[in-house]
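Below you'll find the structure, written out as structure tokens, and then a few comments.
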Amino acid sequence: MQKRLENGLIFITIVSLVATLGSLYFSQIRGFEPCTLCWYQRILMYPIILIAGIGLFQKNANIALTTAVFAFTGGSISLYHYGIQKLAFLSDSAPACGLVPCTGQYINYLGFITIPFLALIAFLLIAITSLFMMKWQKETK
């Protein structure tokens, strides 16, 4: 396996691990109860650690398509979730989602960094890296 493909797998593993540990920190240590959309984002982020880790262990960069699908799906949910937190026209029509409202903002650093924003950045990093990995694999064929 090419070094840049291996580095891509390492990067995806690290980003997904940091995102997972961050979500667990917010819920288990800070006591922030996740809303429904946060749960969906977690459901899509957590398996990426295993997928990328197994791909790294097996030296198999073919998992890039799988991580891309998880990342694009999770990123779409994160973008919507961030939108209902920050855009009035979306938050006014936001559906009720469980005990914790999805429009709530536990953190709001610098006026724009919320938990869904952090998840969106992680998903974007994973998706972009996955796309580059697929491109690099085509170049070697």
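Bear in mind that the values in this text are calculations on the coordinates, not laboratory data. Because the structure is predicted, anything quoted here is derived from the model rather than measured. Quick reminder, even Gly has a Cβ in these numbers, built from the backbone with ideal geometry, and neighbours come from all protein chains shown.
Residue farthest toward the positive end of the dipole of the stretch 4-141, with Cβ of Lys/Arg at +1 and Asp/Glu at -1: which of 119, 87, 109? Looking along the dipole axis, the top candidate is 119.
About the centre of its Cα atoms, the chain shows a dipole size close to 460 debye [charges on the beta carbon of Lys, Arg (+1) and Asp, Glu (-1) only; nearest 20 debye].
When shorter helices are ignored and each DSSP H run of at least 4 residues is given -39500 (n - 2.57), the per-residue value for the chain at 222 nm works out to -24000 deg cm²/dmol. Considering only the Cα atoms of the chain, their convex hull presents on average a projected area of 8.9 nm². Among 80, 109, 25, the largest mean-square fluctuation in a Gaussian network model of the chain (Cα springs under 10 Å) belongs to 109. Pick out which of 53, 22, 98 has the largest mean-square fluctuation in a Gaussian network model of the chain, springs linking Cα atoms closer than 10 Å. Of 53, 22, 98, the most mobile in the Gaussian network model is 98. Working ranking of peptides 27-36, 43-52 by packing, defined as the average number of other Cβ atoms within 10 Å per residue, highest first, is 43-52, 27-36.
Comparing mean-square fluctuations of 85, 41, 105 from a GNM of the chain with C-alpha springs under 10 Å, the top value falls on 105. Compute the separation of the alpha-carbon centres of the stretch 20-41 and the stretch 54-97 and state it in Å as a whole number. Cα centroid of the stretch 20-41 versus Cα centroid of the stretch 54-97: 15 Å apart.
What do you get for Rg/Rh of the stretch 14-80 when both radii come from the Cα atoms and Rh is the Kirkwood radius? My calculation puts Rg/Rh at 1.02. The Cα trace of the stretch 71-124 gives Rg and Dmax of 10.8, 28 Å, the first to one decimal, the second as a whole number.
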